[in-house]
Structures are given as structure tokens and as C-alpha cells.
1. Could you tell me the accessible area of residue 390 in Å² (1.4 Å probe, neighbours in place), rounded to the nearest ten?
2. What angle, in degrees between 0 and 90 and rounded to the nearest 10, separates the Cα long axis of helix 134-143 from the longest principal axis of the Cα atoms of the chain?
3. Before anything else, pin down the relative contact order of segment 283-401: Cα pairs under 8 Å, at least 6 apart, normalised by residue count, whole percent.
4. Quick check for me: using +1 on Lys/Arg Cβ and -1 on Asp/Glu Cβ, what's the dipole size of segment 371-459 about its Cα centre, in debye to the nearest 20?
5. At a threshold of 8 angstrom on Cα-Cα distance, excluding pairs fewer than six apart, so keeping six or more, what relative contact order does the chain reach in percent?
6. Could you point to the residue in 399, 87, 55 farthest towards the positive end of the chain's charge dipole, with +1 and -1 charges on the Cβ of Lys/Arg and Asp/Glu respectively?
7. Which GluC sites (Glu not before Pro) in segment 272-354 pass both tests, a DSSP loop state and at most 10 other beta-carbon atoms within 10 Å?
8. Within straight cross-link reach of residue 189, meaning Cα distance under 17 Å, which aspartates and glutamates are found once same-chain residues fewer than 8 apart are removed?
Amino acid sequence: MPKKESLPRLPAIRHGNSPVALPPCYHGHMASSPILTHHRLRAGMVGLGMIFEDTYRPLFENLCADGLYRSDFGFVDVELAAVASRTGARADRYRRQAAGRIPNIESFAGADAVARLLAHGVDTVCIATPDNRHFEVARTALDAGKHVLIEKPSVLRLQELDELDALARQRGVLAKVVYHKLADPDHKKLRTHVADGVLKHVNNGYCSLLEPKQISGSQFAEWIAGRNPGTYVAVHYIKLIDFTFGPDWRLTRISATGQRGLVGPAAGPTWDSVQLQIIYTYADGREAAFDIHTSWVTPDNFPGYVEQEVQFRFDNGIWNAHQRKRGVEVTVEGRTPTEVKITPNHHYSSAFLEPWGERSQRGYGIEVLQRFFEEVAFVEFGGPAGERPTRLADVRRLGYNDLSADRNTVAVVQALEAILERHAQGVPGSMVEINCARGGLVLSVPGRAKTTVLYPERV
């Protein structure tokens, strides 16, 4: 089981002689008395391909650097203790690249790599192998009493799903699957609108996800034989549809077709592209149809790594989203464009219903405010009082928000106001020079020799 250690109680944060109250946690997990015990989780990783590089690697490195804390479970050190792969080559390369950022990782390779990883004493196992290899690894890990996290799709057959679910319940551990697109801000906002009754009764939809040729031709060339891009990526939208619009319907019909001949023989079992249709039926007999097109033969020089777009049509509106361009258009009868904007920005500040059921308010507009308070806290509490001037100087050098770095912006505004004022007086075409011999901001009006100094000092 995870190691549990005691941690000395932290001293109260003080400003001068007065204690400063810690702010309540905004994520809603603040305990009445915060837990300060120290724990450790040892993770094992099976599969070190693209998904590991893009997501698990930065996760483990961040956790190694910062740890994990929440008031309701305390401090947790999450350690990538061991990895399992077929040859060990990628593990050796990663250990060299990550030297100094993470502790030493045990690497196991070969036919018995997973068994040796489990014997190494891990608490959790993350599985990012090709999808047709998930089941055996997950079953072995669950049977050993380990919590398991599997990349999408979890398995390829319901019989396998049933077996893993039953095994997890028997062993008293978690068996989870990763569908990271459920946490995309645009998708969360879509589900929020549905849950709140803004968008009502989805009728049909279209989804497209097109991968470049390098996916099938290089990164996953070793396992695509006999496989298809629908299983590989359409599952993201299958899950999105089922999770966002259910559960008041039943899955009714599924149909599909596809094309072959580029990544495999024209008459073989390896598919270039797949077109899938899914039909759900509501309790009142109305149907909802969804077409999902996927491919992994898009030209590599396409202007974007992945082409992704969705359109969902409701009784009272339409949702259009283009993930590569990060654009969303939404129409809600009687509510857009005033109450609900047609082209919203879900990344600035938006209320979300998180996939795990929590309500949150997130976005870079909030993050930049939180950063300000972090900077203030650093100045006031980030070390001995005698070093406060140094900390203050460090923070003032942050040009993204310090007033001292705003001179050019203000100069432009001042010049603009003066130019527009002259224009409003019937004299268009004025110009402002910056830091010339006559001053810092000097206004010239067409046809007039005389100039106006708006600001005499250097900008």
C-alpha cells in the first residue's frame, strides 16, 4: 500500500507580528481542518510512445518537482518508479534526457516486463500501449491489486470490459480510462449548456478527426496492421456524445464504412479512413444520429497537426466547433447573441461543469489575477523581512504586468486621443512623432508648421 509518513505542522504565515489567514481553496475541497500528513504513491508506466511523451512525461515531471497537495488528503509524493516496454530503448533514452529532473526509474523489458514492474512495488499502473494490447496488461495489474489507468479505448470487447470491471471490484482497486477531450474547455462548455438546459434535445451531429500520415506511417506503423483510425480516434467523439447528451436514451444502431489502399493493401484489413454512424433512440421514440469521420492519411504538410471539428444540432440551437482553429459558434433560439454569445471565448473566463461533476470557473483571465496575488505573497512572505526589497525588485522586473513597462502603451493611447481630437475638429491626418528633438510626443497637423508637444520628456 502507499507509504504514509508524518509531516511536521507548518508554522502560520505572518505579516509583521500578525498572523495572516490562509485563503480558502477555490476548488471546493477545503477541509474544516486541513490534512498535513505526507504520503507517497509509486507509479508504473507500461508503454512509452507518443502519449507518454505528450502527457504522462510532463505530468510525472511536474509532480516530481511540485508534489501533490489538497486539503482533504494532504501532501502526496507521486513517483514514476518503473516502466515496462518491449525493448527498453525508449526508457533508456528518457532516463538520459530526464536526468536531474526525476529520480532513477527502473526499466523492465521483454516478455515478462509487466510482471517485473508489478513486483517492483508500484501502487498504480498507467497503460499507454497500442489499444489491442490494453486488456492483458490491465488484467494482470488489477489481479495484482494495483489501481489502473488505461488510455482510450479501454479495451476492444465488452467481454474484456466486464472481466476487468469485475476484477477491479474483487480486488478493491480503481480501473479508469483516459478520455482527455472531455476536459477540453469547449467540450466542457458544451456539456454545461446541455446540463443547464440552454441547449435542448440533440437531434444529430457530425464529427471529424483527421490525423497526418506520420501517425500511420511512422509513429504507430508497427501496430496498425489490421487496425483502423476509427477505433484509434473516433472513440473520443463516441465518448463525448455518450457522456454529454446521455443518459436519457439508448444506443440503437451503428453502421460504418471506410477506405483502404494507402497504409495497407486495397483489399486488406488495414483501413485508411473510417466513416461511422451511431443512432440513439430517446424514450419518446425520437432518434439522434451522429456521423463520425476519421482518418490517419492526411498529408503531413497540412497546416495543423490534427484536423478536428464538430457540429451538433439541437431542437433550439446549433453548436459548431473547430478544435484546430480553437473556434466555436453557437446559436440558441431566443438567447443568442445577447445572453449567450455566438462566438464565445471559453478560454478567458467561463463556468464549467467538469467531467467529474464539479462546477468550476476557469480561464486565463482568472489565472492572471491569481498570479498577481502570488507575486504579492512572494514579496511579503517569500523570505526574511530584510530581503523584501530584493524580492520586490524581482517582481517589478516582470514586464508583462508592471506599470513601469506600460510607457509605450500609454504613449500610443495619448497620441491616439490627440489625433482623434483633431480629426473631430475637422482636421484629419495628424501624426505624432516619438522622442524627436522637440519632445517625447509631438503632434503635427497637416498644412500647419506649428507642432504641439503632448509630452516633453522621453517616452
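The values are calculated or read from the model by the stated rules, or taken from the named source; none is laboratory data. No experiment lies behind these values; they were computed from the predicted model shown. With ideal geometry, Cβ positions are generated from the backbone for all residues, glycine too; neighbour counts draw on all protein chains shown. Just so you know, the surface numbers come from the protein's heavy atoms only, side chains and all, with ligands and any DNA or RNA stripped out. Shrake-Rupley method; radii C 1.70, N 1.55, O 1.52, S 1.80 Å.
1. The accessible area of residue 390 comes to roughly 90 Å².
2. The helix 134-143 is inclined about 80 degrees to the chain.
3. It rounds to 10 percent for segment 283-401.
4. Here the size comes out at about 420 debye.
5. It rounds to 9 percent for the chain.
6. Most positive-ward Cα: 399.
7. Loop-located and lightly packed - 339.
8. 242, 309, 329, 339, 354, 358
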